Amino acid sequence: GAVVSQHPSWVICKSGTSVKIECRSLDFQATTMFWYRQFPKQSLMLMATSNEGSKATYEQGVEKDKFLINHASLTLSTLTVTSAHPEDSSFYICSALAGRPNEKLFFGSGTQLSVL
Amino acid sequence: LAKTTQPISMDSYEGQEVNITCSHNNIATNDYITWYQQFPSQGPRFIIQGYKTKVTNEVASLFIPADRKSSTLSLPRVSLSDTAVYYCLVGSSASKIIFGSGTRLSIRP
């Protein structure tokens, strides 16, 4: 199957700083990538849809100025959590569509963000 | 996007067959049914995908009745390592992928 690489796996930062998470499709080109957020014991919540070469589409309630998404190439999307606060601590997961005849989602390994 | 309903949790024992059913009454004509497995602190992993009838791969089978309003993921002879959360998703490549609550499967020795 297609491989999606996500880095870093975990990050600890101080409140007020910014953190960048990278998501790469290693063996395929991803026009569209998705960013999810997951709290303990809960399901994945879609944050935004990242489109190569255009602005991301954010879900209702997700602050676009706080969660900056850049999809500058067909193999890389980044999520930057700006001015992080403790309530931003969560597990962030990216994914991309791939496969034939019907595309399916392939996920990165996730990033555990802890804001002190 | 079709909403899915799954049991919140299930328990079973090693060596048993486990069947997890998902309801998706509003499935659209173009929608596929896809199941994912997620372990703690990891991204979900693709298990199986189908459109109708039965699909089987090396790890699971997927049964879809003619009306496609539900589907059943079948895991043969489960082991402790199958303890995970299983998600049923319904949609097409053109649609937004929204996760439901998933089924937390616990396998006991």
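Any read-out appearing in this document is the output of simple, stated calculations on the displayed coordinates, not a laboratory observation. Bear in mind that the values here come from a model prediction, so they are computed numbers and not experimental data. Note that each Cβ is placed from the backbone with ideal geometry, even for glycine, and that neighbours are counted across all protein chains shown.
Per-residue 3J(HN,Hα) values for the stretch B:58-65, derived from phi via the Karplus relation 6.51 cos²θ - 1.76 cosθ + 1.60 with θ = phi - 60°, read 6, 10, 7, 10, 10, 10, 10, x Hz in sequence order (x marks Gly and Pro).
Annotation: the residues B:Leu62, A:Leu26, sorted from fewest to most other C-beta atoms within 10 Å of their own C-beta, follow the order A:Leu26, B:Leu62. Stokes-Einstein D for the protein assembly as shown at 25 °C, 0.890 mPa s, Kirkwood Rh over Cα pairs, in µm²/s? Result for D is 135 µm²/s. The three principal axes of the Cα atoms in the stretch A:43-116 give end-to-end lengths of 44, 25, 22 Å, sorted in falling order.
Hey, which of these cross-link pairs are over 21 Å Cα-Cα: A:Lys41/A:Lys64; A:Lys20/A:Lys64; A:Lys64/B:Lys96? Table pairs above 21 Å Cα-Cα are A:Lys41/A:Lys64. In the protein assembly as shown, a dipole from Cβ-located charges (positive for Lys and Arg, negative for Asp and Glu) runs towards its positive end, and of B:Ile107, B:Tyr32, A:Thr49 it is B:Tyr32 whose Cα lies farthest in that direction.
With the cut-off at under 16 Å, measuring from each backbone N in the stretch B:11-27 to a point 7 Å along the Cα-to-Cβ line of B:Leu80 picks out B:12-16. Using the Cβ-Cβ distance between B:Gln42 and B:Lys96 with R0 set to 22 Å, the FRET efficiency from 1/(1 + (r/R0)^6) comes to roughly 0.45.
Each label point was placed 7 Å from the Cα along the Cα-to-Cβ direction; for A:His7 and B:Ala66 their separation is 5.4 nm. Taking 13 Å as the cut-off, the amide N atoms of the stretch A:13-35 that come nearer than this to a point 7 Å along the Cα-to-beta-carbon line of A:Ser54 belong to A:31-33.
The magnitude of the dipole of the stretch A:5-74, with charges of +1 and -1 set on the Cβ of Lys/Arg and Asp/Glu and taken from the Cα centre, is near 260 debye.
Under 17 Å from a label point set 7 Å out along the Cα-to-Cβ vector of A:Gln112, the amide N atoms of the stretch B:84-109 belong to B:85. One quarter of the surface of the convex hull around the alpha-carbon atoms of chain B equals 6.4 nm², the direction-averaged projected area.
Counting only Cβ charges, +1 for Lys and Arg and -1 for Asp and Glu, the dipole size of the protein assembly as shown around its Cα centre is about 180 debye.
The stretch B:59-109 and the stretch A:64-83 have Cα centres separated by 30 Å.
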